[in-house]
Amino acid sequence: MGGYMALAFAEKYPQMLEGFGLFHSAFADDEPKREQREKTLRFIETYSAAAFIRQSGPNMYAEAFANQYPETIKNHLEKYTQLPTEAVITGFKAIMNRPDRVAVLQKATVPVLLIFGKEDKFIPFEKHIGLSEIPQQAHTFVSSKSGHLGMIEDAEGCAGAIRDFMKNL
């Protein structure tokens with residue numbers, strides 16, 4: 001959700017930025033994605049946030065990472081299944097109802113760092129890479145070994161991309 005907050009900040013306070021970055025972020029939902037989110041919301045409301053996280057959490061990781069680091073997945077699930085269902089529902093509704101902020105990227109006059117996971121199961125790579133064509137000054141890092149959680153799956157690569165981006169601001 002950090003990318004959505006970054007875009008909201010960039011929209012409201014563009015003069016305060018020298019650059020900004022988005023991690024595994026994409027466009028607002030299209031209709032099929034919105035319908036999928038509605039079904040997921042009903043699942044959470046019916047079965048609990050913990051059931052949702054147990055079911056979807058492992059899919060946030062690239063398959064190779066999940067196979068190599070099962071303890072990381074286990075710890076992730078243990079940590080996040082403790083979240084209150086109402087909090088997860090509120091966050092989920094916020095994601096569902098976020099506005100499309102493509103115009104913020106189009107109008108950005110500062111460099112924009114875009115970090116994507118090649119193996120992201122939530123946001124198709126084709127959609128991610130299309131996002132990199134929007135800002136005037138896009139800097140793109142594609143982690144070939146991560147899914148939706150590059151900050152965990154490829155922490156070193158992502159940190160390096162952020163360092164390189166920051167050096168050039």
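The values are calculated or read from the model by the stated rules, or taken from the named source; none is laboratory data. Being a predicted model, the structure only gives us computed values, none of them experimental. Heads up, the Cβs are rebuilt from the backbone with ideal geometry, glycines too, and the neighbour counts pull from every protein chain shown. Ligands, DNA and RNA are excluded from the accessible area calculation, which covers all protein heavy atoms including side chains. Shrake-Rupley method; radii C 1.70, N 1.55, O 1.52, S 1.80 Å.
Here are the numbers for this structure:
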item	result
Residue pairs meeting the criteria (Cβ under 7 Å; at least 6 apart or on separate chains; first touching a residue at least 40 places away in the same chain (Cβ under 8 Å), in the range 63-77; second polar (S, T, N, Q))	65/146
Selection from the range 137-169 of residues that are open to solvent by 80 Å² or more (accessible area, probe 1.4 Å) and touching a strand residue (DSSP E or B) at 6+ places or on another chain (Cβ under 7 Å)	151
Residues located in the range 42-59, provided they are surrounded by 14 or more Cβ atoms within 10 Å (Cβ to Cβ) and hydroxyl-bearing (Ser, Thr, Tyr)	48, 56
Selection within the range 137-169 - touching a Ser or Thr at 6+ places or on another chain (Cβ under 8 Å) and in a strand (DSSP E or B)	138, 140
Residue in the range 67-89 that is in a helix (DSSP H, G or I), open to solvent by 80 Å² or more (accessible area, probe 1.4 Å) and hydroxyl-bearing (Ser, Thr, Tyr) present	yes
Candidate set: the range 1-41, residues that are among the small types (Gly, Ala, Ser) and at pLDDT 95 or above; chosen: the one most open to solvent (accessible area, probe 1.4 Å)	21
Residue among 129, 89, 95 that alone is in contact with a strand residue (DSSP E or B) (Cβ under 9 Å, 6 or more places away or on another chain) and of a type in the set (Val, Ile, Thr)	129
Failed item in (1) of a type in the set (Phe, Trp, Tyr); (2) assigned to a helix (DSSP H, G or I); (3) within 18 Å of the chain's Cα centre (by Cα), with residue 43 passing the rest	(3)
Subset of the range 99-136 (residues that are open to solvent by 20 Å² or more (accessible area, probe 1.4 Å), part of a loop (DSSP other than H, G, I, E, B), free of Cβ contacts under 8 Å to residues at least 60 places away in the same chain and farther than 27 Å from residue 58 by Cβ)	132, 133, 134, 136
Residue in the range 47-54 that is over 18 Å from the mean Cα position of the chain (by Cα), touching a residue at least 60 places away in the same chain (Cβ under 8 Å) and not in a helix (DSSP H, G or I) present	no
Enumeration of residues in the range 80-102 that are at pLDDT 95 or above and farther than 22 Å from residue 143 by Cβ	81, 82, 83, 84, 85, 86, 87, 88, 89, 90
Cβ pairs under 9 Å, 6+ apart, first in the range 142-158 and within 14 Å of residue 114 (Cβ to Cβ) and free of Cβ contacts under 8 Å to residues at least 40 places away in the same chain, second aromatic (Phe, Trp, Tyr) and open to solvent by less than 20 Å² (accessible area, probe 1.4 Å)	142/116; 143/116
